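Structure first, then comments.
No lab work stands behind these numbers, since they all come straight from the coordinates. Keep in mind it's a predicted model, so treat the numbers as computed, not measured. With ideal geometry, Cβ positions are generated from the backbone for all residues, glycine too; neighbour counts draw on all protein chains shown.
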Amino acid sequence: MMELAQQVGATAAAVDWHAIAPELVLAATACIVLVADLFLPDDAKWLAMPLSAAGIIGTLAAIVSLIGAGNRLTLAGAFEVDGFALLFKGVFCVLGLLILAISFHYFRVGRYYQGEYYFLMLCSLLGGVVMSSARDLVTIFIAIELISIPGFIMAGLRKGDAKSNEAALKFFLFGVLSSAVMLYGMSLAYGATGELLLEGIRAKLTAADEPLIVLSVFFIVVGFAFKISAVPFHFWAPDTYEGSPSPVAAFLSTISKIGGFVGLIVLMFRAFPDVADTWRPIFALLAILTMTVGNMIALRQTHIIRLLAYSGIAQSGYVLVALALIEPGATASNEQAFQSAVIYLAIYGIMDAGAFAAAVAFARRGGSYFIEDYSGLWQRSPVLATLLAGFLISLAGTPPMAGFWAKVFVFLAAIEAQSYLLAIVMGLNAVVAAWYYLAVVKKMFFEKAELAEPVEVPAVLRVAMGLAAAALVAVFVYPRLVTELAERSLF
Amino acid sequence: MEWFDNGWGLSLATFLPALGAIVLLFVPPDNDRLIKMIGTVFAGLALLVGLVLLTQFDFSRAGDIQLEANAEWISQINSRYHIGVDGMSLPLLVLSVLVSFLCTIYMWFHIPAPGKPKAFMALVLLLETGMNGSFIALDLLLFFIFFEIVLVPMYFLIGIWGGPRREYAAVKFFLYTLFGSIFMLLGFLAIYFKSEPHTFDMIALRDAAPFGSELFQNVAFLGLFLGFAIKVPMWPFHTWLPDAHTEAPTVGSVLLAAIMLKMGTYGFIRIALPILPDAAINYAPIIGVLAVIAIIYGALCCFAQTDLKRLIAFSSVGHMGFVMLGIATLTDEGINGAIFGMVAHGLITGMLFFLAGSMHERYHTREIADLGGMLQQIPRFGTLFTYAAIASLGLPGLAGFWGEMLALLGSYQPHPGLSEPLFRVLMVGGGVGTVLTAGYLLWTVQRVAQGRVPEKFADGRGIHDVVRLEWMAWAPLLVLILAAGVYPKLLLGVTDDAVQTLVGLLGGGG
């Protein structure tokens, strides 16, 4: 700990500007977008999107410049740039670009508050990018709020639509409640240890009052369980996803959810790994419930966004399995579990955003969100149908898509930790999940089209979906593309 | 040719079809001829590579892994791109490249509604990569990928181009296989973590075996068993098969029957038996009993079928029962017989499904009751059908005979660790099965090929004898059925060394 203190002391005086460059670029972009929106004429408001995209690409450049520059600790130890942080900053930015592509035509045609939307979305994205580096309770809390609060407003952007209002309100109430619960848990941890830095909490944890720590961990986990829509804290998610503008649903299902997971992982692995015995059962229970309930309810969905919402819940369950494998002192299997969670989140983000992109592309003109209406899509728009099938097959976890590896690595970690029950429950769930993913594929490919005209897909979306699918296939063929990164992200 | 022998040959045979599928992506979808040409050329190239591999393979040491490559792949978990063939896998690989090529030729003759040759051809090529890969993979994870990769293309082949109940059949096939393979994966992972140092390498694991307690072996074997038994399929896991086979388009049925089923039986002899030898001895009686139930049950079901394609599907259950019986004996004879049976079943049942498909093209029905008099109306076609059916019932002199004979011979004196009386009973059961098999096949021949031409086909419109494309697609199968029957050493000479190595690992005298 002495080393850490020295490090903190050394860097506390001077902020490491390079280390926080990605955040600065992103924050600046958000401000520029907001200001630019004031001066843009109505029919040029869409320029906010290319502006945002440029900003995110700039952020990516800043992230790339930090690769290989070693671990950097700044802001008095609250902010760390390491392999983990860089990986997730990259994931968030790539997902941000995908979401921009999904949003562009949706908001341009609908003329919903384009400038405001892109500003809010960038702020929320900034929350995710900060979260990747957050290493103390306050920063983690700020990051999670930064992710959530713009989300409340984005969910309600379709003001005229009662469902959108309901979505926003539900999301807001649950979000605030979960924040409060989480904050309470954090305050208990602070009270028990007198530390805000995660490393500090970890060091003083053994001496602390055990019941207090158990309570603290419990409240923190419950708070995050809302954010990642784990069962039984998932109720808001399907309604919110359905009612929100679909690109926002895509955002909530990917960036917002992964942001929650990143915070959870950082807390559990940096502050509470030594008391894993107290929280492993909570995660095991959450994982089993989340997978099973998510999948069972998904079986009955007829609305593609609701289907993706429930499937997303089940997908959270698979990541929770990885977290339920942690045992104090079992370094090898803990590292495996950690890596599998990281791999799962990275792959999940891409495939889920891809599926949302395809759903938005289909619904764009006269299409609908009902799975009914997907029948025969293959005959109308073979490329769109194939891409959506690819994303769904990836979510189902079968070759030839990257989702296969995501599941394989969680299985691997589960067997290494000798959690056979979790592995078997997850395996059965994967089969159930395949059923409803295939039901959509079946509709598109095996049934006759009622309409003949092709679904027109804008170029931006086509490129985005094509790149996402290509990335998924590439990772399937050469999984080291992600395993290497996951290995470097070990704490 | 050194590069060719160092794994490039096998990799080419495996990935050329997938490359073909990628090339097809860039072909306009309405250019029928070009699409079929590209597909046939790539499958043909894979076959050509397969034949060159035959010349490079050193048959004098067929028990060893040859033409091997072992490259780094996922170093974090020590999973490697390890490929190679020995006497057990080489015949299956050659069968796979051959039958896939014949399927691409058959596609010139016919692609069922709704057409779309580009997608059809691309899926068949992707399927071929998965099948070929399964037979060359020497790394458990690599094997698992190839084993799984066939799911998606076959799902689409059944679901888009299949018969009236195609949706149900496609989903059932997919979910059933996925269910089994997940348990298989868990078994693989358990083996990985039990081995020291952790490895997925089949050869290293084989050399390290037996490891782990007997309980561990039994549990791991159960996982592998579920995966393979569903793929074979063994009774009572067979219920997906009649649906999938019946509803699949002709080419799909042929590939399913001729090759994909073998991935399950091959898994048993390549992975489950050598790596978990103690468990193999524990499970052998169960496998043997299930196998004989499958033989008799399959035959009885065949008597009850009215749809010709469904009848052939159920006959597969019985034939694969013989293969599994051979494996269950854990003897030299039995396992040699099993491999022989796999190849023979691939040739014969592949041929039968081709014929059933072509028959449907001519008569637009597969109802046995509606057919008849083929030998009068289209004598060559009728002769071919009779020939294939008789080969299927195991007439000496044709390929079907040896597999069944050796399996029964093996069960007369099974592995010393197994109960002799039980296997004698199983032998008798299998013997009864052969009689029943002969019964239903002859009855089918009588109803379909012999007798009078039914009234409604009397005008003979659209009913023509074997056309040139069909001859091209079928001739190799017809010749090989005879060749393997007359000169079984053609195959047994290749497999025996490898099988002896395997039996040696099981601690049996062979």
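Pop the C-beta distance of B:F26 and A:Y478 into the FRET formula with R0 = 30 Å and round what comes out to the nearest 0.05.
0.85
Averaged across the residues of A:140-148, what count of C-beta atoms belonging to other chains lies within 10 Å of each residue's C-beta?
Other-chain Cβ atoms within 10 Å of each residue's Cβ, averaged: 0.
Sort out for me the Cα centre separation of segment A:279-356 from segment B:121-161, rounded to whole Å.
27
Most exposed first by the Cβ proxy, i.e. fewest other Cβ within 10 Å, how do A:I102, A:I282 rank?
Taking fewest neighbouring Cβ atoms as first place, the list is A:I282, A:I102.
Of B:I149, B:F303, B:F423, which is farthest towards the positive pole of the protein assembly as shown's charge dipole, taken about the Cα centre with +1 and -1 on the beta-carbons of Lys, Arg and Asp, Glu respectively?
It is B:F303.
Any chance you could check the Cα centroid distance between segment A:112-180 and segment A:58-97 for me, in angstrom?
21
With 18 Å as the limit, write out which pairs from B:K36/B:K118; A:K204/A:K227; A:K45/A:K89; A:K159/A:K257 have Cα-Cα distances beyond it, or answer none.
Where the Cα-Cα span goes over 18 Å, the pairs concerned are A:K204/A:K227; A:K45/A:K89; A:K159/A:K257.
For chain B, build the convex hull from the C-alpha positions and give me its volume per residue in Å³.
127
Straight-line reach from B:K489: which aspartates and glutamates have Cα under 20 Å away, leaving out those fewer than 8 places along the same chain?
B:D58, B:D64, B:D86, B:D332, B:E333, B:E404, B:D497
To the nearest 20 Debye, how big is the dipole of segment A:272-491 about its Cα centre, given +1 on the beta carbon of each Lys and Arg and -1 on that of each Asp and Glu?
The dipole of segment A:272-491 has a size of about 560 debye.
To the nearest whole number, what is the average tally of beta carbon atoms from other chains within 10 Å of the beta carbons of peptide B:174-187?
So the per-residue partner count for this stretch is 5.
Whats the longest run of chain B with zero trypsin sites (Lys or Arg not before Pro) that are DSSP loop and have at most 13 other Cβ atoms within 10 Å?
Of all site-free stretches, the longest is B:166-451.
Mean 1/r over all different Cα pairs, inverted: what Kirkwood radius does chain A give, in Å?
Hydrodynamic radius (Kirkwood, Cα pairs) of chain A is 22.5 Å.
Compute for segment B:367-458: radius of gyration divided by Kirkwood radius, i.e. Rg/Rh, restricted to C-alpha atoms, rounded to two decimals.
Here the Rg-to-Rh quotient is 1.19.
Residues in segment A:226-257, backbone N under 20 Å from the label point at A:Y184 (7 Å along the Cα-to-beta-carbon vector): list them, ranges by number please.
Under 20 Å, as judged by backbone N against the label point of A:Y184, lie A:226-236 of segment A:226-257.
Could you tell me which of B:V41, B:Q56, B:N31 has its Cα farthest along the dipole of segment B:2-67 towards the positive end, charges placed at Cβ (Lys, Arg +1; Asp, Glu -1), taken about the Cα centre?
The residue sitting most towards the positive pole is B:N31.
Expressed as a fraction of 2.2 N^0.38 Å, the rule-of-thumb size for a compact globular protein of N residues, what is the C-alpha radius of gyration of the protein assembly as shown?
1.00
If I model a spin label as a point 7 Å beyond the Cα along the Cα-Cβ vector, how far apart are those points for A:T302 and A:A69 in nm?
About 5.4 nm, to one decimal.
Which aspartates and glutamates have a Cα less than 16 Å from the Cα of A:K163, not counting those fewer than 8 places away in the same chain?
Straight-line reach from A:K163, under 16 Å: A:D239, A:E242.
Could you state the angle between the C-alpha long axis of helix B:140-149 and the longest principal axis of the C-alpha atoms of chain B, as a value from 0 to 90 degrees rounded to the nearest 10?
20
Specify the angular offset, from 0 to 90 degrees and rounded to the nearest 10, of the alpha carbon long axis of helix A:162-193 from the longest principal axis of the alpha carbons in chain A.
Taking Cα atoms only, the helix is inclined about 10 degrees.
Rounding to the nearest 10 and keeping the result within 0 to 90°, find how far the Cα-based axis of helix B:332-363 lies from the longest principal axis of chain B.
Helix B:332-363 sits at roughly 20 degrees to that axis.
Just need the relative contact order of chain B here, percent rounded to a whole number, with Cα pairs under 8 Å and 6+ apart.
Reported as a whole number, the value is 15 percent.
In segment A:213-302, what is the volume of the convex hull around the alpha carbon atoms, normalised per residue and reported in Å³?
84
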